[in-house]
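Colleague: Below: one structure in structure tokens.
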Amino acid sequence: MISRRRQPLHLAMFILLAAALAWLALPLRGAHAASADIDVNDIITDPTSPVLGNAKGRVTIIEFTDYRCPNCRAMQPRMETLLRENRQVKLVMKEWPIFGEASVYAAKVALAANWQGKYGAVHAALFALPRTMDRDAVREAVGKAGVDLARLDKDLAGRDTEITAILARNDVAARMFQLQGTPGFVIGHDVYFGAMSLDDLRRRVKNAK
């Protein structure tokens with residue numbers, strides 16, 4: 001997918017759009033987000049979204065990703081390089097599994113691992129798997145990444161409603177940003193979708209400061 005740049009997205013415009021769509025009960029890839037559950041502030045900066053990099057960084061990147069997406073996999077080492085180079089970047093992850101059931105399971109596992117403080121390790125481990133990953137491969141990878149599988153299973157079951165709601169909100173946000181697929185990025189007031197080079201990523205972060 002070729003990376004294309006959207007026009008700057010201003011906060012006021014986004015809030016108006018969110019308010020206009022919030023009453024819709026959207027079917028979201030197996031999940032349902034009731035209108036009463038949609039909060040504009042949560043969509044913009046959802047406190048349940050995992051954060052990589054500097055949680056207090058001056059520049060925020062919001063990334064919509066899928067572990068089976070080829071372009072997301074290409075972006076993973078570039079984003080890791082950026083975070084190593086630039087200690088002022090806060091990377092907010094939005095799991096947006098659009099490549100089938102295996103993607104949904106991987107996304108749920110990554111979110112559940114966040115309660116163990118293992119999201120970053122799991123995020124990297126899942127991207128290291130082949131795109132043909134299945135549940136067994138996912139579980140093996142996250143176990144090697146240091147996740148307590150018994151606790152993971154407990155969180156997947158006991159927090160399923162919460163995890164499903166997170167994925168639903170991410171889907172709503174992706175639709176509102178008019179993303180055409182993964183990966184998608186919000187950097188400053190601009191929205192981008194598709195893979196970009198490391199140099200492009202650096203430049204867009206610099207322009208967002």
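The values are calculated or read from the model by the stated rules, or taken from the named source; none is laboratory data. Treat the numbers as computed from the prediction; the structure is a model and nothing was measured. Virtual Cβ from ideal backbone geometry, glycine too; neighbours counted across all protein chains shown. Only protein heavy atoms, including side chains, enter the accessible area calculation; ligands, DNA and RNA are left aside. Shrake-Rupley method; radii C 1.70, N 1.55, O 1.52, S 1.80 Å.
Colleague: Mind checking which aspartates and glutamates have their Cα closer than 18 Å to the Cα of Lys154? Skip sequence neighbours fewer than 8 apart in that chain.
Modeller: Asp136, Glu140, Glu162
Colleague: How much solvent-accessible surface does Arg202 expose, in Å² to the nearest 10, with a 1.4 Å probe and all protein chains in place?
Modeller: About 80 Å², rounded to the nearest 10.
Colleague: May I ask you to list the aspartates and glutamates whose Cα is less than 18 Å away from that of Lys206, ignoring any residue fewer than eight positions away on the same chain?
Modeller: Glu63, Glu80, Glu85, Asp190
Colleague: Near Pro77, within a Cβ-to-Cβ distance under 15 Å, what is the net charge of the other residues, with Lys and Arg +1 and Asp and Glu -1?
Modeller: -1
Colleague: At 1.002 mPa s and 20 °C, plugging the Kirkwood radius over alpha-carbon pairs of the stretch 81-209 into Stokes-Einstein gives what diffusion coefficient in µm²/s?
Modeller: 135 µm²/s
Colleague: Any lysines with Cα under 23 Å of the Lys209 Cα? List them, leaving off those in the same chain fewer than 8 positions away.
Modeller: Lys56, Lys90, Lys94
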